[in-house]
Amino acid sequence: MRYYIKKHDNGYWEMWENASGVYAATTAISGGGNPERFICYITADDILDLFNETVPCVVEEPYMEGNPDCKHAWRPWKFNKEFIQCSICPAMKKVKRLVPLEYKHG
């Protein structure tokens with residue numbers, strides 16, 4: 001299933017389900033149509049909450065080196081904030097932030 005939203009009045013958005021996987025703005029061919037189903041009205045804050053539940057904040061790459069039996073005590077690496085390191089063994093991970101720390105509505 002695919003979902004899409006359409007802007008509606010008064011700051012609300014309409015959420016629709018599109019079972020065919022084709023974007024709803026396309027033209028229906030010989031009456032077959034796009035099987036669509038209205039789901040709900042949502043606000044921009046609801047969209048943001050849904051996004052935050054779906055997309056992880058960070059992605060961590062696997063251990064670069066270190067003891068696999070170690071109970072890792074991860075801390076930021078002082079030389080580069082894109083890495084975290086274990087304070088017990090030499091294991092290290094690269095961390096990428098996918099979403100900003102905060103959103104501002106404008």
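What follows is calculated from the coordinates using simple rules that are stated; it is not laboratory data. Since this is a predicted model, take the numbers as computed values, not measurements.
Figures for the structure shown
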| quantity | calculated |
| --- | --- |
| Cα-based reach from residue 93 at 17 Å (exclusive), listing aspartates and glutamates while leaving out same-chain residues under 8 positions away | 60, 61, 65, 69, 82 |
| Linear extension gain, residue 64 paired with residue 38, 0.36 nm per residue minus alpha-carbon span | 4.6 nm |
| Extension gain from residue 45 to residue 98, taking 0.36 nm per residue of separation minus the Cα-Cα distance | 17.2 nm |
| Distance histogram in 5 Å bins (all Cα pairs of region 58-97, percent per bin) | 6, 29, 34, 22, 8, 1 |
